[in-house]
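First up is the structure itself, then whatever we jot down about it.
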Amino acid sequence: MVRTERNIRKTAVAGSSAGALYRLLILCIVLVCLPAGAAALQVEIDGDVPEEVVEGELIDFTITLSGIPPAADMLHLDTDLLRFGDVPLFVPAEGGNATNTTPLNLPVPPGSGPMSVRLQGQVPAVTEITQCGAVVLTTFDPKRSGYTYYRVRFTDDDGNTLTESDTRLFSIRVETIDTFRDKLNRIDDPFMRSYLQEIFEKGLVNEANTLANYELGREDGIPIIWAAAGIVVTAIAALIAGIWIGGREIGGGEE
């Protein structure tokens, strides 16, 4: 009886070992049979590409692509960076011609070897300054995120887009806005904060900063006459800006 139980245990252990060995053998066969192109697209960046940059900042980096799909026939590389001076936007490392045309279209080399491209460009400006008589209007593009350092995609020889792709995004920081927000956060009066924010958003950035500086300096004993003068100047500027903007809208409607 004891011997029979031992035989049963030995048979169970042997069966379990055989099963594990069988599963390991199947896994090895699957790995061997996987195509060489199954490796995922890999993107290496040589250079500084922060998530947040200042408008007008110069960006210079090199992108190297490996693990390119075997079916890829053409690389398409796009960017939201702008050309700066005479510096070309794209400089392929594989002997291709430097160009400012975007997207950049490059044939994939035989064997799908690594491809490198240098990108040198300027961060787009999101601030627009307009002179309206004696008043300066400063407006900001509401789109300050979702810009791309690069967009990579591949197509086959029939022009069909392959699933392999990669994108690197950045946001644009506007120091004028950041500085003004810091001032607002230090002002206790909710009415004054709301008022300053309103005239700032209307484009009267200089006037809003002048009043904000006064409000922050009141504790230092700035005479009230300066506050009155600042409000009068701001009101006049707002009136001029309103007339100018209204004239543009009417003129635009006539066209």
Under Karplus coefficients 6.51, -1.76 and 1.60, residue-wise ³J(HN,Hα) of the range 75-92 in Hz, glycine/proline x: 9, 10, 10, 10, 8, 9, 5, 10, 5, 10, x, 9, 6, x, 6, 10, 9, x
Sequence of THR167, THR148, THR62 when ordered by accessible area, the most exposed leading, probe 1.4 angstrom: THR167, THR62, THR148
Computed FRET value (nearest 0.05) for THR161 with LEU216, which takes r as the C-beta separation and R₀ as 51 Å: 0.40
For the range 71-139, accessible area per residue (1.4 Å probe, heavy atoms of protein chains only), Å²: 49
Heavy-atom accessible area ranking, 1.4 Å probe, most first, across LEU204, LEU41: LEU41, LEU204
Extension gain from ILE177 to GLN42, taking 0.36 nm per residue of separation minus the Cα-Cα distance: 44.9 nm
Length released on extending from THR101 to SER116, taking residue separation times 0.36 nm less the Cα-Cα span: 3.7 nm
5 angstrom amide H check on ARG168, placed H, neighbours 5+ away: TYR149, TYR150
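The values are calculated or read from the model by the stated rules, or taken from the named source; none is laboratory data. Since the model is a prediction, treat every value here as computed from it, not as a measurement. All Cβ positions, glycine included, derive from the backbone under ideal geometry; neighbour counts span all protein chains shown. The area values use the complete protein model at the heavy-atom level, side chains included, leaving out ligands, DNA and RNA. Shrake-Rupley method; radii C 1.70, N 1.55, O 1.52, S 1.80 Å.
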